[in-house]
Every structure is written in structure tokens, then in C-alpha cells.
1. Using alpha carbons only, how many degrees (0 to 90, rounded to 10) separate the axis of helix 102-120 from the longest principal axis of the chain?
2. Whenever you get a sec, compute what percent of the accessible area on the chain sits on carbon and sulfur atoms (1.4 Å probe).
3. What angle do you read, to the nearest 10 degrees and between 0 and 90, between the alpha-carbon axis of helix 191-201 and the longest principal axis of the chain?
4. Given only helices, namely DSSP H runs of n ≥ 4 each adding -39500 (n - 2.57), what is the per-residue ellipticity at 222 nm of the chain, to the nearest 500 deg cm²/dmol?
5. What is the distance, in nm, between label points placed 7 Å from the Cα along the Cα-to-Cβ direction at L227 and at T242?
6. Take the alpha carbon gyration tensor of region 71-212, find the square roots of its eigenvalues, order them as a ≥ b ≥ c, and report rounded if a/c is under 1.5; if not, report prolate when a/b exceeds b/c, else oblate.
7. Between P191, P98, P123, which gets the highest mean-square fluctuation from a Gaussian network model of the chain, Cα cutoff 10 Å?
8. Report the one residue of S82, L232, V65 whose Cα lies farthest in the direction of the positive end of the charge dipole of the chain (charges on C-beta: Lys and Arg +1, Asp and Glu -1; origin at the Cα centre).
Amino acid sequence: MMQLNAMLPIVIGLGVYAYVIYVNFVLITWLNNLDRYSEAAARYAVVVGIDGDGASPPAESADIVAVVRNVLLMGLFALQHSMMARQTTKKLVTKALPFYLERTFYVLCAASVLHIIMTFWAPLPRVLYEIPSPWWYIVWTLSALGLAVNVSSTWMIDHFDLLGLRQVFMGKKYSQPRFMVRYLYKYVRNPIYLGFLTHIFIAPTMTLGRLVFGLCSLSYILFGIQLEEKDLAHAVGKKYKTYKKAVPMLIPSTKPYAVAQSG
């Protein structure tokens, strides 16, 4: 029985991790309307793409209603992220759950809210611009590169810690990973966000829906970074403050950060 109880957090952590990976797959499928081009994407993503089923754009009055609805949905995501990232909320969660399950609970809630947004999003398929060929392929490559930066940056810190898996495997022995500056983090403080924004805004076809999603994401990211970095400065101390002064927030530097500076 004790062994079964010890395994339960790991099983929960693995289940949540699998769900988060799935939701991110759905997000990329949804954001790029891949359900229109791939039978497999349509089957496994479940939700219809951000621009709907390809029907003609609605009237402008309907656009306004849809924009308001979508902004409110994105506000739900911002509220969840901001509230659950606060130390006060974390303390409340750890009164009900073991401390090593707190991150797992956070990413589960974040993925669930994102899933809700995609499910109830009001399509805004009005095309604002479309890049012609052959430039389309260049822009598409840059957008794909942004996605690659977004995903790979999670592995440049601690991917499994970020998604709560390291915590459940270590259990009561868990401790925060040491602050390190590696790879892209030597050039920009938030490469995960940079890659995501690049993927959204450098798009061969920009619809009103994608723009609304992008602007809401950008607004929250700029706000959320302030909260995240305040917590990091408190947790890490002088090392992070020195790093923050030397490395740009979202626009990469041409010169790498000298790790010796953080010592």
C-alpha cells in the first residue's frame, strides 16, 4: 500500500505531462488551421482551427462580438496564470496537495484553460494579408523557426521541471534547480516567449482571429514577465538581477552573456 501511495504522484504527473503535450499539439494545429490540410490533425486535434471551417467571413458587427468574446476568453487565461503563479496561491495549493504536486496542478490548470479557449473561440477568418509565393515559403520557414525556438528553449533550462514531472519523481527530496544561463538564454531572457510570438506574428497568412490571439498573448506576456522576473529576482537574488541588467527581455542581443558576470 505504501509503495502504491508513493507511485500515485508519479502516475498523476505522467498523466498531466501527457495532457499538456497533447494540448500543445492541439494549439499548433488550431493556430495554423492544420485540420484543413491534414486528416490526422483533424482527427486527433478534436477542435476546429482558429479560423473555423473555412466559411466566408461574417459581417463586421459579428466580428466585434467575436473579438469581445475572444478577448474575454484570453482574459481567463491571463487570470489563471497570474493568480496561480503568486506565492499566496501556491501556499494555499500546498495546504491541500503535497508541495511537489503544486507545479503539476498549475500546468494542468493552464492546459485546461487553453483547451477551453480553443474549444469556445469564435472564428474570425477575415484575411488581413497573405504573403504571395515564393515569399510565402520564406515567411513560413521563419514562423516554423519561431516554433522550434519556443520548444527547444524549454530543454535549455529544465523541461521536466517546467512541466512538473521532475517534482513528482523526486517527491519530498525535490529542490529548485540551480540558476543557469545556457544557449539562447545568453542572448535573450525569454526565448520561450520570443519563439511563440515569432510563430504567431510572422505568418504567411494573417487573419483577424490570429491577430487578436497574438495581441492578447503579447499583452499578457509583457505583463506576466514582470511578475515572473520579480519572483526570480527574489528567489535567485543578485545573480538574476545582474543577468537581467545585461540581457534583453525579448529582443535578442548580438553578444552572448558572459556567465562569469553572474558569479
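1. 10
2. Carbon and sulfur: 69 percent of the exposed surface of the chain.
3. 10
4. -21500 deg cm²/dmol
5. 3.0
6. oblate
7. Of the options given, P98 has the highest mean-square fluctuation.
8. Farthest along the dipole direction, towards plus: L232.
The values are calculated or read from the model by the stated rules, or taken from the named source; none is laboratory data. Model, not experiment: these values are computed from the prediction. As a convention, Cβ positions derive from the backbone with ideal geometry for all residues, glycine included, and neighbour counts pool all protein chains shown. Side chains included, ligands, DNA and RNA excluded: accessible areas come from the protein's heavy atoms. Shrake-Rupley method; radii C 1.70, N 1.55, O 1.52, S 1.80 Å.
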